[in-house]
1. Using the structure shown, decide if residue 145 is among the charged types (D, E, K, R), more than 14 Å from ligand 1 (Cβ to nearest atom) and in contact with a strand residue (DSSP E or B) (Cβ under 8 Å, 6 or more places away or on another chain).
2. I'm told residue 364 meets every condition in (1) closer than 30 Å to residue 481 by Cβ; (2) within 27 Å of the chain's Cα centre (by Cα) except one. Can you identify the failing condition by its number?
3. Quick one: how many residues across segment 166-180 are away from ligand 2 (no atom under 16 Å from the Cβ) and crowded, with 21+ Cβ neighbours inside 10 Å?
4. Condition first: within 14 Å of ligand 1 (Cβ to nearest atom), modelled with pLDDT of 80 or more and of a type in the set (Asp, Glu). Now tell me which residues in segment 283-330 satisfy that.
5. How many of the residues making up segment 154-209 are more than 26 Å from residue 275 (Cβ to Cβ), aliphatic (A, V, I, L, M) and in contact with a Lys or Arg (Cβ under 9 Å, 6 or more places away or on another chain)?
6. Picking from 130, 154, which residue would you name as being assigned to a strand (DSSP E or B), in the same structural domain as residue 76 (by TED's automatic domain parsing) and crowded, with 24+ Cβ neighbours inside 10 Å?
Amino acid sequence: MADVISIEALQKGGTAGSGCGTKGGSGKSSCGSAAGAGDLPPEIWEKVKNHPCYSEEAHHHFARMHVAVAPACNIQCHYCNRKYDCANESRPGVVSEKLTPEMAALKVAAVASAIPQMTVLGIAGPGDPLANPEKTFETFERVAKLAPDIKLCLSTNGLALPDHVDTISRFNVDHVTITINMVDPEVGAKIYPWVYFKHKRYRGVEAARILSERQLLGLEMLTERGILCKVNSVMIPGVNDEHLVEVNRAVKSRGAFLHNIMPLISEPEHGTYFGLNGQRGPTAQELKRLQDRCSGEMNMMRHCRQCRADAVGLLGEDRSAEFSTAALAGKEVAYNAEARQAYQAVVEQERAARRSAKEEVIKETMATSAGQAGDLAILVAVATKGGGRINQHFGHAKEFQVYEVSAAGARFVGHRRVDLYCQGGYGEEEALDGVTKAIADCTAVLVAKIGHCPQEQLQQAGIEAVTAYAFEYIETAALRYFQGYVERLATGEVVHGTGRDALIRQGAYMAS
Ligand code: CLF
Ligand code: SF4
């Protein structure tokens with residue numbers, strides 16, 4: 001049965017349905033792995049399988065949303081300007097619409113109805129959720145009553161974390177992200193000018209020591225309670241890049257499930273300390289090398305999109321404008337759990353079909369190409385709107401997903417953001433140059449459709465634009481392309497071992 005709520009009812013201080021569980025009134029609330037089913041214990045798989053951040057496979061099928069209910073912060077990071085979203089879990093540059101917990105719950109209901117594959121609600125800013133504990137936990141409480149099928153997720157800088165672990169556990173928040181950029185306070189002092197702890201402002205090394213101790217303690221307390229923890233680290237060249245290997249060891253030994261090393265974003269126009277002082281972010285090669293060094297036994301997240309604190313949709317897409325307060329005004333929202341379940345069951349079928357298609361083709365590729373291919377690995381870029389299929393026009397892609405393909409399989413290794421090539425009727429030359437550069441290390445780009453001009457320019461750059469696999473599953477198509485590529489190598493139709501392909505074999509294959 002659907003529960004009906006509306007923005008007008010909320011503004012009067014209550015809901016018009018039975019499922020929201022509001023306490024009424026606005027006064028109280030006025031004031032950021034590639035593992036599969038067979039690789040994980042069943043209880044862990046159950047927690048991650050539909051979480052788009054904790055499972056690389058899930059991010060093709062399931063969506064998350066953030067609600068911006070947490071404006072305040074208790075620390076200062078040199079990569080953050082409070083005018084913008086929290087850089088821990090967001091792309092700086094756009095101010096969020098701040099929500100009360102009541103409004104946040106309405107937004108969750110509206111998104112859940114419109115996007116039935118939205119499975120996770122995260123609170124990630126725009127400040128720190130645990131520097132705003134009342135608003136954060138009231139939001140979780142409301143959402144848990146309204147939509148018990150939605151997983152709750154939290155991202156924090158960790159300073160206040162040990163004080164709230166029991167509450168986090170009580171509210172069934174199953175997934176917590178802590179941003180840990182250092183375990184050495186000397187390094188920390190270069191990232192954090194101050195922290196505000198127990199009514200006092202601390203600076204320099206002392207501030208960083210307090211923060212680090214609280215972060216690691218919080219991580220231990222969470223993992224002891226069986227809460228899945230992801231650690232986000234911002235890679236800052238010359239400041240903490242080498243040190244993040246040590247951070248990786250420290251968080252792994254304390255039970256972190258996943259490590260997400262993200263590039264520093266430091267555009268001067270964002271007005272951050274690092275941005276204004278010329279601190280650069282890492283190149284894609286530097287980032288990948290560090291991720292590879294840390295991969296060892298720990299799952300590394302490579303599909304993070306550094307989302308806004310009010311992001312809505314599949315990772316990499318942003319539908320937040322459709323669900324602004326203005327857009328929701330006058331609308332009644334029906335929360336229909338059965339409809340959501342039915343839709344998600346269809347998504348699961350699609351996902352299972354994709355998985356079994358992939359396994360079939362891997363077997364076939366191993367049988368037919370392994371001998372010829374040897375240790376050959378190529379990179380293939382893909383245009384996708386989600387669902388794990390090649391279903392996007394080249395000119396409509398704002399990012400390309402990149403897969404490393406060999407006879408052993410097709411593995412997601414990252415994404416490349418680009419400017420839109422198609423500008424409504426004509427192609428933008430500059431954007432095409434940008435795309436060509438972004439995927440310069442790829443042997444092919446698999447797309448649903450592409451025009452003659454971009455296809456030719458890509459060809460001149462040594463990148464084959466392929467439409468033969470339009471609407472097929474990504475990994476299956478990538479493997480089939482690989483099979484054909486190996487056959488063409490054997491007949492001499494293509495020549496391997498020069499330029500880009502040599503770089504791939506040396507492991508130096510990410511475009512800058
Ligand atoms: Fe949000 Fe973060 Fe939860 Fe995901 S995002 S609070 S864990 S639901 Fe995900 Fe976005 Fe990367 Fe964060 S892609 S920035 S890792
Ligand atoms: Fe900004 Fe987030 Fe750092 Fe706080 S924790 S200063 S909001 S990036």
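The values are calculated or read from the model by the stated rules, or taken from the named source; none is laboratory data. Everything numeric here is computed off the predicted structure, so don't read it as measured data. Glycine gets a Cβ as well: all are built from the backbone with ideal geometry, and neighbour counts include every protein chain shown.
1. So residue 145 does not fit the description; no.
2. All conditions are met except number (2).
3. Number of matching residues: 3.
4. Matches in segment 283-330: 310 only.
5. 6
6. None of the other options fit; the residue is 154.
Conditions (1) farther than 22 Å from residue 402 by Cβ; (2) in contact with a helix residue (DSSP H, G or I) (Cβ under 6 Å, 6 or more places away or on another chain), marked per residue:
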{"position": "217", "(1), (2)": "yes, yes"}
{"position": "221", "(1), (2)": "yes, yes"}
{"position": "224", "(1), (2)": "yes, no"}
{"position": "239", "(1), (2)": "yes, no"}
{"position": "252", "(1), (2)": "yes, no"}
{"position": "260", "(1), (2)": "no, no"}
{"position": "288", "(1), (2)": "no, no"}
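One line per residue, one yes/no per condition, for (1) assigned to a helix (DSSP H, G or I); (2) surrounded by 16 or more Cβ atoms within 10 Å (Cβ to Cβ):
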residue: 239; (1), (2): no, yes
residue: 246; (1), (2): yes, no
residue: 249; (1), (2): yes, no
residue: 256; (1), (2): no, yes
residue: 262; (1), (2): no, yes
residue: 282; (1), (2): no, yes
residue: 287; (1), (2): yes, yes
residue: 294; (1), (2): yes, yes
